[in-house]
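Right, one structure below, let's go through it.
The values are calculated or read from the model by the stated rules, or taken from the named source; none is laboratory data. Quick caveat: nothing in here was measured; it's all calculated off a predicted structure. FYI the Cβ positions are ideal-geometry reconstructions off the backbone, even for glycines, and counts take in every protein chain you see. These area figures cover heavy atoms from the full protein model, side chains too; ligands, DNA and RNA do not enter into them. Shrake-Rupley method; radii C 1.70, N 1.55, O 1.52, S 1.80 Å.
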Amino acid sequence: MEKAAGSPSVGGSYPQKNAEILSSQYGINLFLAGLLLTFAWAVHAVGISKSHLLSYLITLMLIQLLWMLWYLGRSCTQRRLIRDKDTHAGARWLKCGITLFAVITLILDSFKIGYYIDFSNCLSPTEGIFPVTHAVHTILQVYFLWCHAKDIIQSFKTLERFGVIHSVFTNLLLWTNGVLTESKHQLNEHKERLITLGFGNITIVLDDHAPQCNCTTTTLCSIFSQGIYYLYPFNIEYHILASTMLYVLWKNIGRKVEHHQQHKTPFKFHGITIGMIFGLVVLTSTIAIVVVYLIQIGRSKIKSELALTMFYLHAIFVLALMCTAGIVALLIYRLEDRSLDNSKNPARKLDAELLVGTAAGSWLLSWGSILAIICAQAHPKYTWYNLPYSVLVIIEKYIQNLFIIESIHREQEKVNDDIKTLRIVTISRGSTLSLTPSYKEIYNGRAAPESREVPCLLKGSVCGRENDRGAKEETSQDKSSVMHSASDISFCSRNSVTNNKRRILKNIAAFLFLCNLSLWIPPAFGCRPEYDNGLEEIVFGFEPWIIVVNLAMPFSIFYRMHSAASLFEVNCKT
């Protein structure tokens, strides 16, 4: 039967559901307005200048600052109240990561302020106000996330929904602005590289909105202008991480949580030496490849082709190793019999959705490259390496997503009940007792000393004290001892196998973690063969392919960083 319309449970849920819908629609419209304003500035729309875009972003940041100050002030007055917390949200390592990116973002803001001072004669005042506002916004937002990322808000829920969703889409717009600015800078460099590879028929004129006046101090201007673009990847990651943490906070508003504490799982280097060594080798070699690539690409046709070939061969080798590691991990999971945790968890659900959603960016680029190789009439030698590279990108992400999503949904491993309540059967005055000492007591051989019959499990062997009560009792004890010794040996064998599997999984997670960090570095710092090989531009046309790359590349870059964060969590849980 349906509940009556006046039922308290129904009446209480409708306003909150409406508030969720209204706040999400508010955020989407806020984002779309900013997105169109950004697009209009990028294409030099009549009547739209960069100052209009920056004014809009400054206004959004100031509104978010007011809301965060109000929330922090209200939390300070109610600090004695016991509040529900989402133990899965805002992990310490995630907070440390966003803090690192925020510090580099503050350096970026200081460079922008210096750049504005040098070009102040021909730049709008908003270009000086924006980095100052952004720096204040960054400091307060990081503090807010450190203190309140785990909150489950139960008061002023409607107002808080609008405040949090405003913060989510403000960060997404700042991320979009950073991606566009960085992409425009990269495009000019890639156009020059394509010309050195022999693609001289590209006539698209690209504009990076350079100031129309001379710099007051040429050396400083060069440092600021070049340094800004090397810092943008960190700024982009900062804003996307902040938006995801705030989104989890928004989903948790008004949520009813089960009051059970999550077991803390600190990261430990013990047992992951092999994975770390192989991962560090990949990381070191990737940094070397990126340095050589950036030096050689665009110098001459031969050097550019060698740089592309070197990149593809290295990437093929790394991706093949990652695929192999992921398949081994999935096979181990198939051999285990562990249930999945299907409880409601907004943070975990968002992680899984982001993995699949952002992987689509790389898949789009890979399928475009595969189609271009098939359809192209001429094939320079280096382009054939692009085919296995593109195929492996698709397969590797497919396998890795399966591994990560299954790992974060598997129930956190607890001490086995057989360990915690190991039955130790002894004979005491002709009666059978069942003892349940703690694991540490069993391991150290100190189980229930007051009972005077203390069997102990030490280094895989079982020993027990027996009473010599006569031949019949000895016979029955021998039979019982044989049965329990066999079961204990079987249990120890199973425990050893489980530990070996866990060690392998931890090494795989550590290896994949470092590999994803390695594969984040090349596209984040300008090593992008999707731009440089030129084959896709010939098949699809320069402008259409550049649009596809500019849309897909930010998601591909974010995928690697998000995968690394997820794998770090997997390593802690395993």
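Please compare each pair in 17/184; 157/349; 184/303; 157/397; 184/349; 17/85 to a cut-off of 32 Å on the Cα-Cα distance and tell me which ones are over it.
On the way: 17/184 41 Å; 157/349 22 Å; 184/303 25 Å; 157/397 38 Å; 184/349 34 Å; 17/85 21 Å.
In this structure, 17/184; 157/397; 184/349 lie more than 32 Å apart at Cα.
Apply 1/(1 + (r/R0)^6) to the Cβ-Cβ distance of residue 398 and residue 310, taking R0 = 30 Å, and write down the FRET efficiency to the nearest 0.05. Mind showing how you got there, number by number?
Working: r = 26 Å, r/R0 = 0.87.
The value I calculate is 0.70.
Can you send over the carbon and sulfur percentage of the accessible area for region 352-404, probe radius 1.4 Å, protein chains only? Numbers along the way, then the final one.
On the way: 1750 of 2340 Å².
Of all accessible area on region 352-404, carbon and sulfur atoms account for 75 percent.
Could you work out how far the C-alpha centroid of region 552-574 sits from that of region 355-415, in angstrom?
Taking the Cα centre of each part, region 552-574 and region 355-415 sit 14 Å apart.
Compare the peptides 526-536, 123-133, 219-229 by average per-residue count of other Cβ atoms within 10 angstrom and give them in order, highest first. Please list the in-between numbers first.
Working: 526-536: 23.6, 123-133: 17.6, 219-229: 16.0.
Order by mean packing, descending: 526-536, 123-133, 219-229.
Report the gain in length on full extension from residue 18 to residue 226: 0.36 nm times residue separation, minus Cα-Cα distance, nm rounded to one decimal. Please report the intermediate quantities before stating the final value.
Numbers: separation 208, 0.36 × 208 = 74.88 nm, distance 4.76 nm.
That works out to 70.1 nm of additional length.
For residue 154 and residue 371, FRET efficiency with R0 = 51 Å and r from the beta-carbon atoms, rounded to 0.05? Please report the intermediate quantities before stating the final value.
Values: r = 52 Å, r/R0 = 1.02.
Once the sixth-power term is evaluated, E becomes 0.45.
Please find the FRET efficiency linking residue 333 to residue 288, where r is the Cβ-Cβ separation and R0 is fixed at 22 Å, and quote it to the nearest 0.05.
Working: r = 34 Å, r/R0 = 1.55.
Efficiency, rounded to the nearest 0.05: 0.05.
Under 12 Å from a point 7 Å along the Cα-to-Cβ line of residue 28: which residues of region 148-175 have their amide N that close?
No residue passes the distance filter.
Quickly rank 290-296, 136-142, 40-46 as a protection proxy: mean count of other C-beta atoms within 10 Å, highest first. Could the numbers behind the result be given before it?
Numbers: 290-296: 16.4, 136-142: 19.4, 40-46: 12.6.
My ranking of the peptides, most packed first, is 136-142, 290-296, 40-46.
What are the ³J(HN,Hα) values, in whole Hz, obtained from phi via the Karplus relation 6.51 cos²θ - 1.76 cosθ + 1.60 with θ = phi - 60°, for each residue of region 113-124 in sequence order, with x given for Gly and Pro?
Ordered by residue, 3J(HN,Hα) equals 5, x, 4, 5, 4, 5, 10, 4, 5, 10, 10, 5 Hz.
Arrange the residues 555, 111, 101 by how much accessible surface each exposes, largest first, with a 1.4 angstrom probe.
Working: 555 90, 111 50, 101 20 Å².
Listed by decreasing accessible area, they come as 555, 111, 101.
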